[in-house]
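Notes follow once the structure below has been shown.
Read-outs: derived from the displayed coordinates by stated rules, not from any lab. Since we're looking at a predicted model, the values are computed, not measured. Ideal geometry is used to build each Cβ from the backbone, glycine not excepted, and the neighbour counts take in all protein chains shown.
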Amino acid sequence: MLPGFLLPETTIREAGTGPEVDLGAARGSLILLTLGITRIIEQESLDVAIWGSADNVEWGAKPIVSFPQKFYCGTYQILVDLRAHPDVQFLRAKYQAQRWGKGELKPLFGAYVFAQGAQQALSMTA
């Protein structure tokens, strides 16, 4: 149910998947996704994609939307038009982290993904 976290604040050290979230009344609407990166070390990148499912079993061959690859702390937002995916009832975030360079090769991120209806987001700014 929205608003809610597709990925609660998480320490990311490797690839993973967030919990499945039921869209409830937000099904087939515009939603605003916020990716927050709260912790990072140098020479690493984070890829976050949002997947949709009609039945919470089959998640399709490709994500509904992906954030551009990120390298820095910050908050990043994208607007998703679920009217193009009327069958989608559930969403989940999948992430992949990479690290290169000297020292420890295991990445380290602190991140979250928050989803809310676009109308909710607009009414909060008015």
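The table for this structure:
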read-out: Anchor Lys102: aspartates and glutamates whose Cα lies under 16 Å away (excluding residues fewer than 8 positions away in-chain); value: Glu42, Glu44
read-out: Stretchable slack from Ser66 to Ala54, in nm (0.36 nm times residue separation minus alpha-carbon distance); value: 2.4 nm
read-out: Loop-located trypsin sites (Lys or Arg not before Pro) in the stretch 30-126 whose Cβ has at most 11 other Cβ within 10 Å (DSSP); value: Lys102
read-out: Estimated dipole of the chain in Debye, rounded to 20 [Cβ of Lys and Arg +1, of Asp and Glu -1, Cα centre]; value: 280 debye
read-out: With eigenvalues of the C-alpha gyration tensor scaled by 5 and rooted, the chain, Å; value: 27, 17, 11
read-out: Lysines with Cα under 26 Å of Lys94, excluding same-chain neighbours fewer than 8 positions away; value: Lys62, Lys70, Lys106
read-out: Of Gly16, Gly103, Gly24, the one that fluctuates the most in a GNM where the chain has Cα springs shorter than 10 Å; value: Gly103
read-out: Loop-exposed chymotrypsin sites (Phe, Trp or Tyr not before Pro) per DSSP, neighbour cap 10 Cβ within 10 angstrom, longest uninterrupted part of the chain; value: 1-71
